[in-house]
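Below: one structure, written as structure tokens.
The values are calculated or read from the model by the stated rules, or taken from the named source; none is laboratory data. Being a predicted model, the structure only gives us computed values, none of them experimental. For neighbour counting, all protein chains shown are included, and Cβ atoms are generated from backbone atoms with ideal geometry for every residue, glycine included. Calculation scope for accessible area: heavy atoms of the full protein, side chains included, ligands and nucleic acids excluded. Shrake-Rupley method; radii C 1.70, N 1.55, O 1.52, S 1.80 Å.
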Amino acid sequence: MTPRVLFVSPDAVGARMAGLGIRYTELARALGEVAEVTIATGDLEGADVVLPGGAAVVGYRPHEPAALRALVAAADTVVAPPQWPLVTSWLRRSGKRVVFDLYDPETLETLELFSGRRPVLRRLMVALTLDRLDDALRTGHHFMCASTAQRDLWTGALLATRRLTPAAYDADRGLRETVATVPFGLSATPPEEGLPGVREAFPGVIGPRDEIVVWNGGIWPWLDAPSAVRAVAQLAARRPGVRLVFMGQGSGYAGRAAALEAREVARGLGVLGATVLFSEEWVPYAERAGWLLQASCALATAGDHLEARYAFRTRLLDCLWAGVPIVCTRGDNLAERVERNGLGAVAAPGDVAGLADAIERVLEAGRGAYAAPLAAVAREYEWAAVAAPLRRWVCAPGAPPPPPVPVPRRRGHAVRSTGYRVARGGLSAVGLGWPSL
């Protein structure tokens with residue numbers, strides 16, 4: 001019997017996608033030959049379609065998730081990031097194989113996301129994120145992460161929740177069947193040539209000989225877009241044809257604030273709209289190749305903090321796919337690969353002059369100098385290869401073992417879970433949605 005897999009994505013799945021939507025779309029395609037796949041998306045506008053490869057996309061409301069119950073019941077394996085209390089309780093009792101996806105270190109992200117907000121709000125949001133992680137670690141049969149650093153992080157978390165009992169250790173001494181590295185991947189099909197890109201999006205601003213530096217992800221508080229703007233503005237004084245183009249911006253309060261800060265820095269330096277350019281909308285996923293193929297290099301910067309250490313900069317893999325050399329700040333696994341494998345150049349976090357020099361070195365060398373190492377590393381990250389552990393779990397014969405017996409939770413955790421259920425039910429009863437923060 002063909003195994004049935006349900007991916008639960010709070011993010012949109014469709015034309016314009018952030019990391020989780022892209023990840024589950026591509027993993028669904030990679031599993032298409034061995035499983036019947038459904039993706040539940042929290043973006044109702046992108047629902048009720050069938051993706052290339054056969055995955056059905058259905059909609060649900062993350063804070064009114066009743067539609068998920070039937071989908072969970074129909075699946076053999078459920079793949080999801082840590083969930084809110086109601087859905088986690090369904091998964092725990094479902095008898096299904098549960099794979100929690102921890103590629104996004106959400107707690108560290110939340111610490112950055114709510115930096116500068118009211119202290120009581122920040123403490124609450126971090127606590128709720130930790131609660132969901134704690135419940136996931138006590139409930140899941142398997143866990144996916146994106147790098148060796150993340151695998152060490154989540155192994156430590158499992159130790160802290162007392163999941164690593166003598167019996168569990170004897171059954172899986174390397175913890176390979178419990179925590180597997182399933183990084184973001186990339187397509188084995190080369191990018192399509194001839195699609196419109198950056199030059200077509202900014203006619204008259206970017207000339208035929210200008211050197212294009214792309215920031216091909218979102219703008220978020222935990223990233224350091226202002227340093228990227230300052231470095232390119234500094235470089236433009238000696239290399240006037242350089243152009244920095246932000247392909248996407250952030251969403252929600254924090255994303256908008258981070259994008260506004262980057263714009264204001266560019267405005268203050270007199271480079272906004274000339275040397276530094278912002279796409280007003282996310283470049284559709286299917287059109288990203290046109291932008292990347294016109295780029296001279298890609299740029300990604302972050303500060304010196306824990307989110308940067310444990311994050312996996314997913315959009316940088318598109319640069320490997322398109323053969324775009326990478327300039328980035330040190331601190332994470334991908335930056336280590338850029339430096340070790342000669343995929344571009346790196347600079348210290350916050351070092352604007354060093355970042356400008358790194359960009360210039362890559363531009364001077366040209367894309368051709370990096371083509372061979374980029375292509376070699378790209379082959380390691382093809383979706384079919386990185387999905388191997390998930391494919392093995394999905395195709396495992398028989399029913400999964402029962403989830404571990406939960407360790408009693410702290411009183412505050414239980415109180416917050418009950419409070420969430422009451423608040424969610426009350427808002428739903430009066431026809432209101434969950435507030436956006």
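Evaluate Rg over Rh across the stretch 62-110, taking Cα atoms for both radii and Kirkwood's formula for Rh.
Values: Rg = 11.4 Å, Rh = 11.6 Å.
In the stretch 62-110, Rg relative to Rh is 0.98.
May I ask what percent, to the nearest 5, of DSSP beta bridges between residues of the chain are antiparallel?
Counting only bridges with both partners in the chain, antiparallel ones make up about 10 percent.
With a Cα-only, solvent-free Debye model of the stretch 163-234, what are the log10 I(q)/I(0) values at q = 0.12, 0.17, 0.28 Å⁻¹?
The Cα Debye sum returns log10 ratios of -0.67, -0.92, -1.24.
Whole Å is fine, so just give me how far the alpha carbon centre of the stretch 326-402 lies from that of the stretch 195-247.
21 Å
Obtain the radius of gyration and the Kirkwood radius of the stretch 1-140 from its C-alpha atoms and give Rg over Rh.
That ratio equals 0.98.
Calculated from DSSP H runs of 4 or more alone, at -39500 (n - 2.57) each and per residue, what is the 222 nm mean residue ellipticity of the chain, nearest 500?
-13000 deg cm²/dmol
What number does the stretch 235-358 give for Rg over Rh if you use C-alpha atoms and the Kirkwood radius? Each step should come with its number before you reach the end.
Working: Rg = 14.5 Å, Rh = 15.5 Å.
My calculation of the ratio gives 0.94.
Can you match volume of the Cα convex hull per residue in Å³ to one of these, (1) 146; (2) 537; (3) 137, based on a calculation from the structure here?
Only one listed value fits the structure, namely (1).
Relative contact order, percent, of the stretch 48-187 when contacts are C-alpha pairs under 8 Å separated by at least 6 residues? Walk me through the numbers on the way to the answer.
Details: 147 pairs, mean separation 28.6, N = 140.
That works out to 20 percent.
Which of Glu26, Glu112, Glu45 moves the most in a Gaussian network model of the chain with Cα springs under 10 Å?
Answer for the Gaussian network model of the chain: Glu45.
For Arg330 and Ala66, FRET efficiency with R0 = 60 Å and r from the beta-carbon atoms, rounded to 0.05? Each step should come with its number before you reach the end.
On the way: r = 46 Å, r/R0 = 0.76.
After rounding, the FRET efficiency stands at 0.85.
Helix 411-429 versus the longest principal axis of the chain: what is the Cα-based angle in degrees, 0 to 90, to the nearest 10?
The two axes meet at around 80 degrees.
I need the fraction of alpha carbon pairs in the stretch 94-174 separated by more than 23 Å, rounded to a whole percent.
Of all Cα-Cα pairs in the stretch 94-174, 29 percent lie more than 23 Å apart.
What number in nm² do you get for the stretch 307-394 if you take the convex hull of its Cα atoms and divide its surface by four?
For the stretch 307-394, averaging the hull's shadow over all directions gives 6.3 nm².
Using the Cα centre of the chain as origin and beta-carbon charges of +1 (Lys, Arg) and -1 (Asp, Glu), tell me which of Ala171, Val229, Ile359 is placed farthest towards the positive end of the dipole.
Ala171
Heavy atoms of the protein only, probe of 1.4 Å, neighbouring chains included. What is the accessible area of Trp215 in Å², nearest 10?
Answer for Trp215: close to 10 Å² accessible.
Which whole-number percent is the relative contact order of the stretch 276-393 (Cα, under 8 Å, 6+ apart)? Provide the component values of the computation, followed by the final result.
Details: 141 pairs, mean separation 29.0, N = 118.
Dividing the mean separation by the residue count of the stretch 276-393 yields 25 percent.
Can you order the peptides 252-258, 143-149 by their average number of other Cβ atoms within 10 Å per residue, highest first?
In decreasing order of mean packing, 252-258, 143-149 become 143-149, 252-258.
Measure nothing fancy, just the Cα-based angle from helix 19-31's long axis to the longest principal axis of the chain, in degrees from 0 to 90, nearest 10.
70 degrees
Compute the distance in nm between two label points, each set 7 Å from the Cα along the Cα-to-Cβ direction, one at Phe202 and one at Ala369.
2.3 nm
Students often get this wrong: which residues of the stretch 305-337 have the backbone nitrogen under 12 Å from the point 7 angstrom along Cα-to-C-beta of Asp351?
Flagged as within label range: 328-331.
Can you work out the accessible area per residue across the chain, with the rest of the protein chains kept in place, probe 1.4 Å, in square angstrom?
Averaged over the residues of the chain, the accessible area is 44 Å².
Please state the equivalent ellipsoid semi-axes for the stretch 151-298: what are the square roots of 5 times the Cα gyration tensor eigenvalues, largest first, in whole Å?
After diagonalising the Cα gyration tensor, the semi-axes are 40, 20, 13 Å.
So, with a 1.4 angstrom probe, what is the percent of accessible area on the chain that is carbon and sulfur? Mind showing how you got there, number by number?
Values: 10460 of 19020 Å².
Looking at the chain in its full context, I get 55 percent from C and S.
Under 5 Å between amide hydrogens, which residues at least 5 positions from Leu186 or on another chain qualify, with H placed 1.01 Å from N in the peptide plane?
Here the answer is Glu382, Trp383, since their amide H atoms fall under 5 Å of that of Leu186.
Measuring from centroid to centroid over Cα atoms, what is the spacing of the stretch 1-67 and the stretch 294-313 in Å?
Going from one Cα centre to the other spans 27 Å.
Let me have the relative contact order for the chain, percent, based on Cα pairs under 8 Å that are six or more residues apart.
Value for the chain: 16 percent.
Once the piece of chain linking Glu339 and Ala257 is laid out straight, how much longer is it, given 0.36 nm per residue of separation minus the C-alpha distance between them?
Values: separation 82, 0.36 × 82 = 29.52 nm, distance 3.13 nm.
Result: 26.4 nm gained on full extension.
At a Förster radius of 25 Å, what calculated FRET efficiency corresponds to the Cβ-Cβ distance of Leu164 and Ala127, to the nearest 0.05?
FRET efficiency, Leu164 to Ala127: 0.55.
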